[in-house]
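The block underneath contains the structure these notes are about, expressed in structure tokens.
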Amino acid sequence: MFLRTSGVLMHISSLPGDSGIGTFGENAYAFVDLLYESGQTYWQILPLCPTSFGDSPYQSFSTFAGNSYFIDLKTLENQGYLKADEYADINWGSDPQRVDYGLLYSQRRN
């Protein structure tokens, strides 16, 4: 007998975030808690590889590398690897409904 399960398909970049894109930070943990509380079994997060031309995770230079955009800066600060003043004044864009990959590339590479 097969048991039925359910889940959601949502890219990690779709989570709300303070640094221009959704990350594996507090919002990801809260979303997992919400999935658990609502009886979901799976969260398919799609490719996590670095984006290249066209900003598509399906068009990457590496299948095995992770995308550094998904590293949560607040988590790095909490663990002592980063100071708040090193990223607090960065302009991540003005539209929280849209990821500006060009801006992310220029800001997170510095």
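The values are calculated or read from the model by the stated rules, or taken from the named source; none is laboratory data. Here the structure is a predicted model, which means the values were calculated and not measured. A quick note on method: Cβ atoms are made from the backbone with ideal geometry, for glycine too, and the neighbour counts reach across all protein chains shown.
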Inset, instruction - Would you check which residues across the range 65-85 are part of a helix (DSSP H, G or I) and surrounded by 12 or more Cβ atoms within 10 Å (Cβ to Cβ) and list them? - result: 69, 70, 73, 74, 75, 76, 77, 78
Legend entry - Candidates 30, 84 - the one that is more than 16 Å from residue 107 (Cβ to Cβ), over 11 Å from the mean Cα position of the chain (by Cα) and aliphatic (A, V, I, L, M): 30
Inset, instruction - Examine the range 57-67 for a residue that is under 12 Å from residue 13 (Cβ atoms), within 15 Å of the chain's Cα centre (by Cα) and among the hydrophobic types (A, V, I, L, M, F, W, C), and state whether such a residue exists. - result: no
Legend entry - Matching residues, the range 17-46, being surrounded by 16 or more Cβ atoms within 10 Å (Cβ to Cβ) and in a loop (DSSP other than H, G, I, E, B): 17, 18, 19, 20, 21, 22, 23, 24, 25, 45
Inset, instruction - Output the residues belonging to the range 1-16 that are within 26 Å of residue 77 (Cβ to Cβ) and part of a loop (DSSP other than H, G, I, E, B). - result: 10, 11, 15, 16
Legend entry - Long-range neighbours under 8 Å by Cβ, at least six apart or interchain, first residue in contact (Cβ under 8 Å) with a residue 40 or more places away in the chain within the range 1-30, second exposed (fewer than 12 other Cβ atoms within 10 Å of the Cβ) and not hydroxyl-bearing (Ser, Thr, Tyr): 16/96
Inset, instruction - Spot the failing condition for residue 48; the list is (1) over 15 Å from residue 23 (Cα atoms); (2) touching a helix residue (DSSP H, G or I) at 6+ places or on another chain (Cβ under 9 Å), and only one is missed. - result: (1)
Inset, instruction - Give me the pairs, please: first residue somewhere in the range 33-49 and at pLDDT 95 or above and aromatic (Phe, Trp, Tyr), second residue anywhere and part of a loop (DSSP other than H, G, I, E, B) and surrounded by fewer than 11 Cβ atoms within 10 Å (Cβ to Cβ), beta-carbon distance under 8 Å, and either six or more positions apart or on two chains. - result: 42/5; 42/6
Inset, instruction - Mind telling me which of the residues 66, 93, 102 ends up being touching a residue at least 60 places away in the same chain (Cβ under 8 Å) and within 18 Å of residue 22 (Cα to Cα)? - result: 93
